[in-house]
Amino acid sequence: MRGQINPFHTSSGFQTKWHADCIPKALSQPRRIKPADSASFFYHWSVNPMTINKLFDSTCQLLINTAALRQKKGEVIAANIANLETPGYQARDFRFADALRQATANPTSSPSMLTTHATHLGGRNSLGAIRGTYTLKHNQLGGFDGNTVNLDQEMADQAINSGAYNRTMQMLKSKMAILKNAIIEGGK
């Protein structure tokens, strides 16, 4: 027979007959999924909408906070480098550990997003309220113009911060891939 790939392909004990024409046709067809409202979804799967928030657990929230605070630290370092030749400029430092401790100390203290329906996901812990600790770098000797920016130190700090940010984003990406895989596999 023309077009046969494997006349008796065994998969999980079932024997099926596949034709070379069938697979491309099936793949080219758009999947027709009947949309359902969220209430029937939660009723059908017996899932409380609040348990979905648990998918984004404390680890995910910690990674999001860490990435945002690493970005803030990067902005401070960039400002220091930008003011390298500004007379009298005092190099600043962002205390990352203090800011992260503040962000994770009380996750419900910050305002959350307004939800209009009980099944909507609520926002958590806005970092806009987290100010962090900014200090002057007093341990550096200033130049003849009073500028305390040390380019070598700032570039080293930027490299460390950038590496930490990239590792944090990689972990967050892995966490999201796990959730995506669970959603895709759960829908089969």
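Remarks
- Some residue of the stretch 140-154 being surrounded by 14 or more Cβ atoms within 10 Å (Cβ to Cβ) and over 20 Å from Ile77 (Cβ atoms): no
- Those residues of the stretch 69-117 which are in a loop (DSSP other than H, G, I, E, B) and modelled with pLDDT under 80, in sequence order: Asn106, Pro107, Thr108, Ser109, Ser110, Pro111, Ser112, Met113, Leu114, Thr115, Thr116, His117
- Given (1) part of a helix (DSSP H, G or I); (2) at pLDDT below 85; (3) in the same structural domain as Ser162 (by TED's automatic domain parsing), number of the condition Ala26 does not satisfy: (3)
- Summed over the stretch 140-152, residues that are assigned to a helix (DSSP H, G or I) and without any contact (Cβ under 8 Å) to a residue 60 or more places away in the chain total 1.
The values are calculated or read from the model by the stated rules, or taken from the named source; none is laboratory data. Model, not experiment: these values are computed from the prediction. Every residue, glycine as well, gets a Cβ built from its backbone with ideal geometry; the counts of neighbours run over all protein chains shown.
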